[in-house]
Amino acid sequence: MEIAKFDVSYIVIAIVRVVVLAYLGLTILAYMFQEKIIFYPSVLPSNHKFNFNSKFEEHVSKVDSDEIHSLIFHAPDSKGIILYFHGNAGALDGWGEVAQEISMKTSMDVWIVDYPGYGKSTGKISSQEQLLKIGTQILKELKDRNTGKNIFIYGRSIGSGLATYLGSDSAVKGLVLETPYLSLTELANNTAPFLPSFILKYPMPSNEWITQVKCPILIIHGNQDEVIPFSQGLALSKIRDDVRLVEIDRGNHNDLDSYPLYWESLTNFFKSIEGVN
């Protein structure tokens, strides 16, 4: 009786095909749905009424077809104003509390922005260029209405890239980056090294943009950050020798404001630039 020969090569080829198709499928899905992976907006009704203890105003900026909503908190006798770009989740109903606390504890005005699709802002995030355009326009609006106060840019987490990009504007007197990344490309490579970096529509190369910043820079990062590793903020700070890096011992991604060193560092940074005109 003759035994049929078993050709292993067909099995190997079939397995390789399945693996390749699965990888291509995963890559395509990651590209198509990256906004849902990166951004987690909370949506507020258009008639939502904000309620804060401090004096504030609502502001709406028209950028292309989108209405970008922001809040401006006013501190008594403030000598500066902070343009704040928040993290990738939530909306101004929550982030407004963060801005209000910064305004109260630093005696600075704070202008905080919701991205497209966040809070009451219309539209949706679709490209890095869109975010840069929004940030650039709002900074222009701030400069147009500013009455001689020092302008600072503050970026937290996902917002640190946009803040770094805007930090090259000559009107900006100081840049604060909280839990920043080298670039979203670097962060994605650490998180999902099996995916090709070219599919990322939001590279946010802070490591390149920071070389163009003309003002003092403060980086605050916790060494137990579970979202953006401290090593990213450390590496970003080493690109220039004039960056002030504050390492919060045992600080993670969302609790730095619970440490006295955080507030001490912020206050001292702003005070060191108060006399700059």
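The values are calculated or read from the model by the stated rules, or taken from the named source; none is laboratory data. In this text, all values refer to a predicted model and were calculated from it rather than measured experimentally. Here Cβ is always computed from backbone atoms with ideal geometry, including for glycine, and neighbour counts include all displayed protein chains.
Of the set (1) modelled with pLDDT of 95 or more; (2) surrounded by fewer than 17 Cβ atoms within 10 Å (Cβ to Cβ); (3) more than 16 Å from PRO203 (Cβ to Cβ); (4) not aromatic (Phe, Trp, Tyr), all apply to SER127 but (3).
Of all residues in region 219-250, none satisfies the criterion of being over 18 Å from the mean Cα position of the chain (by Cα) and either under 19 Å from TRP95 (Cβ atoms) or not assigned by TED's automatic domain parsing to the domain that holds LYS173 (or both). Any residue that is touching a residue at least 40 places away in the same chain (Cβ under 8 Å), touching a Ser or Thr at 6+ places or on another chain (Cβ under 9 Å) and acidic (Asp, Glu) - is there at least one of those in region 173-183? Yes - at least one qualifying residue is present in region 173-183. Beta carbons closer than 6 Å, at least 6 apart along the sequence or on distinct chains, pair a first residue in region 29-51 that is in contact (Cβ under 8 Å) with a residue 60 or more places away in the chain with a second that is polar (S, T, N, Q) for PHE39/ASN88.
Within region 190-211, being modelled with pLDDT of 90 or more and under 23 Å from LEU29 (Cβ atoms) holds for LEU200, LYS201, TYR202, PRO203, MET204. VAL110: crowded, with 22+ Cβ neighbours inside 10 Å and either out of contact with any Asp or Glu (no Cβ under 8 Å at 6 or more places or on another chain) or modelled with pLDDT of 95 or more (or both), yes or no? For VAL110, the condition - crowded, with 22+ Cβ neighbours inside 10 Å and either out of contact with any Asp or Glu (no Cβ under 8 Å at 6 or more places or on another chain) or modelled with pLDDT of 95 or more (or both) - is met. Within region 191-217, if we keep just the residues that are buried (at least 22 other Cβ atoms within 10 Å of the Cβ) and within 15 Å of the chain's Cα centre (by Cα), the residue that is farthest from GLU129 (Cα to Cα) turns out to be ILE210. For region 198-210, the set of residues classified as touching a residue at least 24 places away in the same chain (Cβ under 8 Å) and outside any loop (DSSP other than H, G, I, E, B) consists of ILE199, SER206, ASN207, GLU208, TRP209, ILE210, listed by residue number.
Going through region 28-51 one residue at a time, which ones are loosely packed, with under 15 Cβ neighbours inside 10 Å and either part of a helix (DSSP H, G or I) or hydrophobic (A, V, I, L, M, F, W, C) (or both)? Listed by number, the residues that qualify are ILE28, LEU29, TYR31, MET32, PHE33, LYS36, ILE37, VAL43. If you scan region 88-136, which residues turn out to be over 13 Å from the mean Cα position of the chain (by Cα) and among the acidic types (Asp, Glu)? Hits for region 88-136 are ASP93, GLU97, GLU101, ASP109, GLU129. Within the set LEU195, LEU218, the sole residue that is of a type in the set (A, V, I, L, M) and assigned to a loop (DSSP other than H, G, I, E, B) turns out to be LEU195.
Here is a yes/no grid of residues against (1) touching a Lys or Arg at 6+ places or on another chain (Cβ under 8 Å); (2) in a helix (DSSP H, G or I); (3) surrounded by fewer than 18 Cβ atoms within 10 Å (Cβ to Cβ); (4) hydroxyl-bearing (Ser, Thr, Tyr):
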{"site": "PRO76", "(1), (2), (3), (4)": "no, no, yes, no"}
{"site": "GLY94", "(1), (2), (3), (4)": "no, yes, yes, no"}
{"site": "SER121", "(1), (2), (3), (4)": "no, no, no, yes"}
{"site": "GLY135", "(1), (2), (3), (4)": "no, yes, no, no"}
{"site": "GLU141", "(1), (2), (3), (4)": "no, yes, yes, no"}
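Scanning region 116-130 for residues that are closer than 25 Å to PRO45 by Cβ and out of contact with any strand residue (DSSP E or B) (no Cβ under 9 Å at 6 or more places or on another chain) returns a single hit, SER126.
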